[in-house]
Amino acid sequence: MTDTATLILDGKEHQLPLVVGTEGERAVDIQTLRNNTGYVTLDPGYANTASCESAITFIDGEKGLLHYRGIPIEQFAAHPNFVEVSWLLIFGRLPTMREYTEFAHDLNAHANLDESMKHIFQGFPRSAPPMAILSAMINGLSCFHPELMELEDKTQFRRAAARLISKIRTIAAYAYRHSLGKPYIYPDPNLRYVPNFLHMMFSQPYEPYYCDEDVRDAVNLLLILHADHEQNCSTSTVRMVGSSQANLFASCAAGVCALWGPRHGGANVEVLHMLEQIHAGQITPEEYVAMAKDKESKVRLMGFGHRVYKNFDPRAKMLAKVAERLLRDRGKNDPLLNIARKLEEIALEDPYFVERKLYPNVDFYSGIIMRAIGIPTSMFTVMFAIGRLPGWIAHWWEQNQEAGGMIARPRQVYTGNNSTDYLLMERR
Ligand code: CMC
């Protein structure tokens, strides 16, 4: 294979270097294109643009593969441990026993929020969307931890990462309790990451919540499967904000906002609404699929399709199994799972979805798992954010460590008015 690409512009040849990733992905390096030719590239939605080189996560969308630091995600199913995977993503390898214990200890030691943050919670209306509270409070952490605004070395970074991963679940649980007007439940230092979160969500004062192993494992796996997905919309946002050298808290708060949208993390809420609508008999699965194919309707089959996967999303396959197992083991039969299965069956045989390579994505089955555990729909995207946080942190740090890191600043092709003169108000 050659190591340059030849581009002919205005009859003149230009050589552009090729870059090959460790899994054989090929890219044309256009960094010098504008300086050398005056041309920029146009790529709306960055669908064909590699915005960086990254060693964190690999996706092969054609084959339906997802690896974290080289490890296929299927391998985490046998021993789901979100804290361990967080370490892996952020620091590049699996932790030793000592590193793991120290990190887990750090997470427990910093789970409490500064007491005055409670007043901020109280200022929000009960009906405030939890994603708005989450973003505001993560940003607010910079006010309470000014010493972690500038991270000078790896030790300081590790402290900031641990605080953020620990406190996000406290913030999430408090946001939920606030929406119900229930007392906040303090973190319990004796509990591990997931049981502690569920305790803060569901315990009542003097009445602890019992988290069984199946639920603990299901939530760990759910968080792991959301933990990173290379340059998705929210991670790219975190990198974009971080590229201005904004601090870790501010960058991750921006990631929460990007995740909120229904085309990204907010899709898990929309999936549930779709399934409930069908369950309530307002529309049949066949009618819903027909509507999703009709461009006039502006409706999409939520939880279907992906920018990168043109095959089964491996996360959806795993989550479908978890949903089934969790319900079966509890002797429950959630009609929404049957509806989801039916929609999947119809769509996978429909030429519209087949031709466009639209398959169930991570959001298609995750809501059914969360429902089975008692997590309300309003908290679904918050759960996604808790899971995605280590990925955001890993990308923020990776970018931060790059020598001579550049501020993210795309170009555009201007299509507005040509140069014109200001007109006085009375002459318009
Ligand atoms: N239902 C119906 N049609 C769809 C769907 C869908 N879910 N997804 C894509 N299409 C059609 C789309 O209308 C277009 O058709 P045409 O070529 O005739 O114009 C074609 O498929 C390509 O769609 P696109 O919007 O150009 O594809 P994209 O790569 O820009 O969008 C997506 C990816 C995830 C935004 C999109 O598939 C979608 O909106 N899905 C539903 C929302 C959803 O489930 N989002 C969660 C994504 S996974 C988790 C995450 O990243 O947060």
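Bear in mind these aren't lab numbers, they're just calculated from the coordinates by the rules spelled out. Please read all numbers here as calculations on a predicted model, not as lab measurements. Note that we place each Cβ from the backbone using ideal geometry, even for glycine, and neighbour counts take in every protein chain shown.
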Along region 50-64, what does the Karplus equation 6.51 cos²θ - 1.76 cosθ + 1.60 (θ = phi - 60°) give for ³J(HN,Hα), rounded to whole Hz, x for Gly and Pro? 8, 7, 6, 9, 9, 10, 8, 10, 10, 10, 10, x, 6, 8, x
Taking only C-alpha pairs under 8 Å that are 6+ residues apart, what is the relative contact order of region 255-318 in percent? 22 percent
By the C-alpha gyration tensor axes a ≥ b ≥ c (rounded if a/c is under 1.5, else prolate when a/b exceeds b/c, else oblate), the shape of region 201-250 is oblate
Does a label point 7 Å from the Cα of LYS298, set along Cα-to-beta-carbon, have any residues of region 246-287 with amide nitrogen under 18 Å, and which are they? 261-264, 267, 270-271, 274
Electrostatic dipole magnitude of region 5-95 [Cβ: Lys, Arg +1; Asp, Glu -1; Cα centre; debye, to 20]: 160 debye
Using a basic spin-label model with each label point 7 Å from the Cα along Cα→Cβ, how many nm lie between ALA408 and SER142? 1.6 nm
Which of the peptides 412-421, 382-391 is most tightly packed, and how do the rest follow, judged by the mean count of other Cβ atoms within 10 Å per residue? 382-391, 412-421
Pick out which of ALA136, ALA292, ALA111 has the largest mean-square fluctuation in a Gaussian network model of the chain, springs linking Cα atoms closer than 10 Å. ALA292
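For the chain, what is the charge dipole size about the Cα centre, in debye to the nearest 20, if Lys and Arg each add +1 at the Cβ and Asp and Glu each add -1 at the Cβ?
The calculated dipole for the chain is roughly 700 debye.
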In a Gaussian network model of the chain with springs linking alpha carbons closer than 10 Å, the residue among ALA246, ALA316, ALA267 that fluctuates most is ALA246
Modelled label-to-label distance, TYR209 and SER51, 7 Å Cα→beta-carbon offset: nm? 3.3 nm
Segment THR377-ALA77, length gained on full extension (0.36 nm per residue, minus Cα span): 105.6 nm
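What ranking do SER243, SER166, SER142 get, fewest neighbouring Cβ atoms within 10 angstrom at the top?
SER142, SER243, SER166
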Stretched out fully, how many nm does the piece from ALA109 to HIS279 gain, at 0.36 nm a residue minus the Cα gap? 56.8 nm
Could I get the Rg over Rh figure for region 260-381? Both from C-alpha atoms, Rh via Kirkwood, rounded to two places. 0.94
For region 117-218, just say rounded, prolate or oblate: build the C-alpha gyration tensor, square-root its eigenvalues into a ≥ b ≥ c, call rounded for a/c under 1.5, and beyond that prolate if a/b exceeds b/c, oblate if not. oblate
Expressed in nanometres to one decimal, the distance between label points 7 Å along Cα→Cβ at THR96 and LYS310 is 4.5 nm
By average C-beta atoms within 10 angstrom, highest first, the peptides 226-237, 272-283: 226-237, 272-283
Too long for a 28 Å Cα-Cα cut-off, among LYS295/LYS357; LYS167/LYS310; LYS293/LYS317; LYS182/LYS342, are LYS167/LYS310; LYS182/LYS342
Projected onto the charge dipole of region 238-376 (+1 at Lys/Arg Cβ, -1 at Asp/Glu Cβ, origin at the Cα centre), which of SER251, ILE278, HIS306 gives the Cα projection farthest towards the positive end? SER251
What is the set of long-range amide H partners of PHE304 at a cut-off below 5 Å, with H atoms built 1.01 Å from backbone N? ASN361
Along its three principal axes, how long is the chain when you only count alpha carbons? Whole Å, largest extent first please. 77, 66, 56
One finds, for THR2 and ASP329 with R0 = 45 angstrom and r their Cβ-Cβ distance, a FRET efficiency to the nearest 0.05 of 0.20
Under unit Cβ charges (Lys, Arg +1; Asp, Glu -1), what dipole magnitude, rounded to 20 debye, does region 286-428 have relative to its Cα centre? 240 debye
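For the chain, what is the relative contact order in percent, using Cα pairs closer than 8 Å and at least 6 residues apart in sequence?
So the answer I get is 20 percent.
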In whole Hz and in residue order, list the ³J(HN,Hα) couplings for region 374-390 that follow from phi through the Karplus curve 6.51 cos²θ - 1.76 cosθ + 1.60, θ = phi - 60°; x for Gly and Pro. x, 7, x, 3, 4, 9, 4, 6, 5, 4, 4, 5, 4, x, 6, 3, x
Quick one: order TYR39, TYR206, TYR184 by neighbouring beta-carbon count within 10 Å, fewest to most. TYR206, TYR39, TYR184
Estimated FRET transfer efficiency (GLU355, THR32; beta-carbon r; R0 35 Å; 0.05): 0.35
Counting other C-beta atoms within 10 Å, which of PHE364, PHE157 has the fewest, and how do the rest follow? PHE157, PHE364
Mean separation of Cα pairs under 8 Å and 6+ residues apart, divided by the residue count of region 289-428: what relative contact order is that in percent? 26 percent
